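Here the structure comes first, spelled out in structure tokens, and everything after it is commentary.
The values are calculated or read from the model by the stated rules, or taken from the named source; none is laboratory data. If you're wondering where the values come from, they're calculated on a predicted model, not measured in any experiment. Quick reminder, even Gly has a Cβ in these numbers, built from the backbone with ideal geometry, and neighbours come from all protein chains shown. What goes into the accessible areas is simple: the full protein's heavy atoms, side chains included, and nothing from ligands, DNA or RNA. Shrake-Rupley method; radii C 1.70, N 1.55, O 1.52, S 1.80 Å.
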Amino acid sequence: MAKRILSGIQPTSDSFHLGNYLGALKQWVELQEGNDAFYCIVDLHALTGEIDPALLRKRILSSAAQLIALGISPEKSTLFVQSHVAEHNQLGWIMECIAGFGEANRMTQFKDKSAKGGADSARVGLFTYPMLQAADILLYQAHYVPVGEDQRQHIELTRDLATRFNTRFGETFRIPEGYILKSGAKIYDLQEPTNKMSKSSGSAAGVLEIMDTPEANAKKIKSATTDAGREVKFDEKEKPGISNLLTIHSALSGKKISDLENEFAGKGYGDFKGAVAEVVVDYLKPIRTRALELLEDESHLVQILHAGADKARTVASATVAESYKNLGLVL
Ligand code: AMP
Ligand code: TRP
């Protein structure tokens with residue numbers, strides 16, 4: 001039976017990177033098949049960080065273009081922007097009134113993020129972020145929420161809030177399950193292959209971005225940190241750099257790591273990196289080209305997003321009405 005899927009991603013960078021793609025977005029694309037998937041660009045969540053209006057606008061559009069380019073089909077799934085569907089704020093408030101201060105205070109993402117900038121500079125929205133996320137999920141009566149391991153705690157909170165609401169006010173929300181993405185596809189920084197590839201990572205040279213030029217990405221791969229020795233062998237402990245490149249090659253080419261080890265037996269790191277660069281460039285080039293095409297016609301892109309929001313709103317408004325009714329609000 002088709003399952004309702006809901007996930008969200010923040011528009012907080014100019015480009016998604018290969019870690020986002022292989023760790024999460026590729027699975028979003030796969031989950032579209034045979035399911036009823038809702039994918040949300042969570043722009044309101046992005047307001048909990050530094051706000052640069054021109055940049056935010058650009059990133060929302062660019063995120064949408066990239067998601068479509070990498071295979072999220074606006075026909076197969078419902079792709080939309082969170083702020084286009086006001087029900088997120090409506091149910092978000094309800095979730096804030098259901099959540100306890102203590103449980104919200106235990107969220108490790110809040111603790112980490114607020115510690116970074118100093119507790120005094122953290123804003124209230126960063127604190128209430130998980131309750132808005134719970135609303136994102138519960139509005140759509142999702143069965144599964146595909147997310148990375150770091151989101152497990154937010155999913156647990158969502159389940160707790162939904163259960164509490166249902167128990168106290170009557171069956172309203174489906175209790176969602178996290179669909180924690182396989183950690184097998186964890187991608188590391190090319191320069192510091194023991195750190196995960198991340199937009200907040202120190203080295204721009206270590207992150208392969210979808211919107212980078214093919215030349216730039218090829219260059220980053222060719223100057224990736226390699227390890228002692230000359231053998232192309234998967235050994236995360238002794239050879240984190242080569243292992244990471246093997247993971248990337250395998251994920252994009254579909255070849256088994258053991259087959260790649262055989263293919264490159266007796267060849268040097270240089271040849272291997274050249275091959276990885278070719279695989280990555282061949283894979284990302286059409287995605288980037290398509291995203292740039294979509295960005296050229298902004299009004300068409302916005303039209304696609306509005307159509308997605310219309311579909312999303314139909315589901316979301318029914319959930320809000322039900323929750324309002326059960327809370328005793330007069331409709
Ligand atoms: P972010 O917004 O950077 O935290 O990432 C969005 C999604 O991409 C999350 O679901 C992460 O689990 C996933 N992701 C981010 N970086 C990596 C990485 N280096 N390897 C695998 N998955 C990643
Ligand atoms: N907090 C998630 C992240 O940082 C993004 C997000 C917001 C989300 N709302 C969501 C993920 C709803 C899944 C479902 O990655």
When every residue in the range 184-200 that is within 12 Å of ligand 1 (Cβ to nearest atom) and buried (at least 18 other Cβ atoms within 10 Å of the Cβ) is compared, the one farthest from K58 (Cα to Cα) is P193
request  = For G308, indicate whether it is within 28 Å of the chain's Cα centre (by Cα), assigned by TED's automatic domain parsing to the domain that holds Y39 and open to solvent by less than 20 Å² (accessible area, probe 1.4 Å).
outcome  = yes
Of those in the range 111-147 that are within 12 Å of ligand 2 (Cβ to nearest atom) and farther than 25 Å from N166 by Cβ, the residue least open to solvent (accessible area, probe 1.4 Å) is L126
Scanning the range 251-268 for residues that are surrounded by 20 or more Cβ atoms within 10 Å (Cβ to Cβ) and either closer than 22 Å to K196 by Cα or under 24 Å from the mean Cα position of the chain (by Cα) (or both) gives A251
Pairing a residue in the range 135-147 that is within 11 Å of E177 (Cα to Cα) with any residue that is part of a helix (DSSP H, G or I) and near ligand 2 (Cβ under 9 Å from one of its atoms), where Cβ atoms lie under 6 Å and the two sit 6 or more apart in sequence or on different chains, gives I137/T158; V145/I137; V145/I155
Note: among V302, V330, just one is over 26 Å from K58 (Cα atoms) and either open to solvent by 30 Å² or more (accessible area, probe 1.4 Å) or assigned by TED's automatic domain parsing to the domain that holds F38 (or both), namely V330
Of the residues in the range 14-35, those that are surrounded by fewer than 18 Cβ atoms within 10 Å (Cβ to Cβ) and not in a helix (DSSP H, G or I) come to D14, E33, G34, N35
In the range 204-229, residues that are exposed (fewer than 14 other Cβ atoms within 10 Å of the Cβ) and at pLDDT below 95 total 3
Condition (residue is among the aliphatic types (A, V, I, L, M), open to solvent by 20 Å² or more (accessible area, probe 1.4 Å), farther than 21 Å from E149 by Cα and within 15 Å of ligand 2 (Cβ to nearest atom)) applied to the range 77-97: is it met by at least one residue?
no
Subset of the range 125-151, residues of a type in the set (S, T, Y) and either within 13 Å of ligand 1 (Cβ to nearest atom) or out of contact with any strand residue (DSSP E or B) (no Cβ under 6 Å at 6 or more places or on another chain) (or both), comes to T128, Y129
May I ask you to verify whether E50 is open to solvent by 30 Å² or more (accessible area, probe 1.4 Å), in contact (Cβ under 8 Å) with a residue 40 or more places away in the chain and either outside any helix (DSSP H, G or I) or not assigned by TED's automatic domain parsing to the domain that holds T314 (or both)?
no
Only one of (1) at pLDDT below 95; (2) within 11 Å of ligand 1 (Cβ to nearest atom) does not apply to G118, and that is (2)
Given the conditions (1) surrounded by 15 or more Cβ atoms within 10 Å (Cβ to Cβ); (2) among the small types (G, A, S); (3) over 30 Å from D189 (Cβ atoms), every one holds for A291 apart from (3)
